[in-house]
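**Q** Take a look at the following structure, please.
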Amino acid sequence: ADRLDKFLHGADGTSQIYTSYVVNKLAALWKTTGHKPTGRLSFSTPSGTSYCSASVVSGRNIIVTAAHCVYDTPSRNQFYSNWVFTPAYRNGAAPYGTFPAQTCWVLTSWVNLSGSYTINTWADDDVAVCQMGNNSNGQALSNVTGWYGRTWDAGYVQHVHNMGYPFNNYQNNSVTDAGKYLRLCANETFQQATNVLGGGCNWGPGISGGPWTISYDPFDPVTTYVDSVNSGLFIGTQNLYGARFTSGNIVTLCNAAGC
């Protein structure tokens, strides 16, 4: 209750201040137009199948996610493979089918990083976009889900709704119904580092790549704009961190992909 009160009445951009809930456990919020563009992303790694989150950000069937869900910079300097996006995923159900990736793009600056991941110096490059193919019924992704807008070079302090499909929480412990439902944190963001945003949240791994949305409306994606995606966290701290969308990351990627 104290955290919610601070969220409603507290200072802008305060660390670890948020409210969170499971979005689509209620069927009434499962397939609303403002939630359909967000989904779960699966992909193949040398260790097996992994999962991230993603969202549709173009009428040309393009999703945005985190670069670390697409390209393994620290270990192998290679792309992962077999990305499959399931919009509006809910407890095993795929109401609009699944959409395989045709091509994914990451920044050259992400590829060129070396050493170990650090939020302050890596998160600003941790953005990727993918061009998605049709589902098994021959339907194009954007035609069945709609899409969010994109915004960049916005101020560091924004009221956002951060969505995705976490398997673990901020302590890296498994959550109930891990990865099965869309979950959300509402917060006001703050500047963590140059072009790196922070925002209060209790979710953890699995939410990577999920959108940070401005002007979120669960019933209208047209008014909703993505201005970051989840990159990482400090285990034990109730924040998530992501790139501040700029002309140097999301615009560069969208120019390459044709968003």
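The values are calculated or read from the model by the stated rules, or taken from the named source; none is laboratory data. Nothing here was measured: the structure is a model prediction, and the numbers come from that model. Here Cβ is always computed from backbone atoms with ideal geometry, including for glycine, and neighbour counts include all displayed protein chains. Note: accessible area is taken over every heavy atom of the protein model, side chains too, but ligands, DNA and RNA are not part of it. Shrake-Rupley method; radii C 1.70, N 1.55, O 1.52, S 1.80 Å.
**Q** Expressed as a whole percentage, what fraction of the accessible surface of the chain belongs to carbon and sulfur atoms when a 1.4 Å probe is rolled over the protein heavy atoms?
**A** 47
**Q** What ranking do 95-101, 71-77, 216-222 get when scored by the average of other Cβ atoms within 10 Å per residue, highest first?
**A** 95-101, 216-222, 71-77
**Q** Tell me, what is the percent relative contact order of the chain, built from C-alpha pairs under 8 Å that lie six or more residues apart?
**A** Contact order relative to length: 26 percent.
**Q** Considering only protein heavy atoms, what is the solvent-accessible area of LYS31 at a probe of 1.4 Å, reported in Å² to the nearest 10?
**A** Around 100 Å² of this residue is reachable by solvent.
**Q** Shape of region 12-141 from its Cα gyration tensor (a ≥ b ≥ c, root eigenvalues): rounded if a/c is under 1.5, otherwise prolate when a/b > b/c, or oblate?
**A** Cα axes put region 12-141 in the oblate bin.
**Q** How much accessible area does ARG60 have with a 1.4 Å probe, in Å² rounded to the nearest 10?
**A** 150
**Q** Among TYR117, ILE63, GLY92, which residue has its Cα furthest toward the positive end of the charge dipole of region 1-122, with +1 on Lys/Arg Cβ and -1 on Asp/Glu Cβ?
**A** GLY92
**Q** Let me check against my output: what whole-number percent is the relative contact order of region 113-187, with C-alpha pairs under 8 Å and at least 6 apart?
**A** 21
**Q** Kindly identify region 189-259 as rounded, prolate or oblate by the Cα gyration tensor criterion: order the square roots of the eigenvalues as a ≥ b ≥ c, call it rounded if a/c is under 1.5, otherwise compare a/b with b/c, prolate if a/b is larger, else oblate.
**A** oblate
**Q** From the list [x] 1, 7, 15, 20, 22, 18, 11, 5, 1, 0; [y] 1, 5, 12, 15, 16, 14, 12, 9, 7, 5, 3, 1, 0, 0; [z] 1, 6, 13, 17, 20, 18, 14, 8, 3, 1, 0, 0, can you say which value of P(r) over Cα pairs in 5 Å bins from 0, in percent was derived from the structure given?
**A** Label [x] holds the value from this structure.
**Q** Keeping every protein chain present and rolling a 1.4 Å probe, give me the accessible area per residue for the chain in Å².
**A** 39
**Q** Rounded to the nearest 20 Debye, what is the dipole magnitude of the chain about its Cα centre when Lys and Arg each give +1 and Asp and Glu each give -1 at the C-beta?
**A** The dipole magnitude comes to about 640 debye.
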